[in-house]
Structure formats: structure tokens, C-alpha cells
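What follows draws every value from the coordinates through simple rules; no lab data is involved. Note that this is a predicted model, so its numbers are computed, not measured.
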Amino acid sequence: MLSGDIPPNQTIYIRNLNEKVKKEELKRSIYALFSQFGRILDVVALKTEKLRGQAWVVFSEVTAASSAVRQMQSFPFYDKPMRIQFAKMKSDCVAKADGTYVPREKKKKQEDKAAEKRRKAEEAHQTGSAANGPSFQNNGVHTSQATRHGKSSSSQETAPPNNILFIQNLPHETTSMMLQILFQQYPGFREVRMIEAKPGIAFVEFGDEVQASIAMQALQSFKITPQNPMAISYAKK
């Protein structure tokens, strides 16, 4: 279903998502995939019976939402083609920002409050467990972590161009599937390799160095989270 009968707006509605993926991983992956189109205000994905396999992404600009609908339609996401359209209703955060917010019925308000409370509890838990590195919602990068990335990045600059990319400054919650979703958009993609004992880094292999270079140029400094721009260089062989 296309969204031609619904006026373009800042919120897109995604369906046909893989219901086996955990909610928080799904939200992080959606954020990572769609943030290439513009600033994201919110990602909503619930696991209730009626809302499984669906998600909403709220952009700060209508143009970003339009680009996402146009370019990501039927994109294979966790082995299922996404069905994307503009949302029928304005999201709460957009309505509050432009002053048009009207409270919904009491039951819905109670559900929203419960969801918000759970989200804040999850964020507080993630922030509290960030001692070993930046979390998804952390407001800064751990100093020692940033220092390690800086040193590692400078040492990688001397590696000659080749078909394997070395990715650094990844949030510790990054999964290989999240990176695969990002890099498989570019020709020649082969695989993602991550080292469990060393979170925050990954290797991405392409067919040749030209294909690897194209992906590196396109995704250099891409932010999987607002605090984690990817640092991409050629891997040493």
C-alpha cells in the first residue's frame, strides 16, 4: 500500500516487520537505518497483540519523512520487505511542538503514560550501565573509550585501500544485523564481522576496494546514535 491517499507529514508508518526481533533491538535498528534521511524525534514500536510487526518513525522535517517513504519502500529489513506509508495521525511529539496537541481518551492516555514510564526506566537502566562505554541514550562518550578510538583511528590511516573496512566508535548495543542493514545498501557487500570480546568495533567486507571505498565515503561519520558517529578506515591486512 502506498501513501498517496494520505498527506505527507513528519511521521511514517512501517508494517510487515519481523515480529521475532526484540523491541529494543528493533527500535535501535530502525533508528540506525532511517537516521540517514534526517533528524529523528522518536521511534515507536510496541509488542502488544494488535501492534506487532509495526512501527512509527517521527522525523523533524516532512522532507526527511518523504525521502524515507520513497527510498525505503520494500527494503528487506530482517528478511522481510518493509511496507511504508505516511501515518494517518500526527504524532504526539509533533502536535505538542506546534501547539495542536489534544489529549486522547482516558484509556489511551493511561497506556501512553505506562509506555513512557517503561521507556524512561529503560533509559535510566542503560545510562546507569554505561560505565564500560557509551549507551544508546548516553549524552557523551566515555573519555577512555574516545581516547582508544582516536589512537586506533590514527594508526589505521596508513592502511592501503582494500576490500575490508574497519568500523570504530560503535555503540556497544550495535549488532551485526544493524550494520548489515546499513552496508548492504551498497554494491559488493559480503559480510559483517564483529568480535564479541571487543565491543565498539567491526569489520565489513566488500567484493573489491572500489566498492568498499564507495560505502566508506557514504557512511563516514554516520551516526548510529546521536553520540556515536562511525569512524571508518581500511582494515590492516
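Karplus-based coupling profile of the range 168-182, in residue order and whole Hz: 10, 6, 8, x, 5, 7, 4, 10, 5, 5, 4, 5, 4, 4, 5, with θ = phi - 60° in 6.51 cos²θ - 1.76 cosθ + 1.60 and x standing for Gly or Pro. Taking a ≥ b ≥ c as the square roots of the eigenvalues of the alpha carbon gyration tensor, the range 1-57 is oblate, as a/c is not under 1.5 and a/b does not beat b/c.
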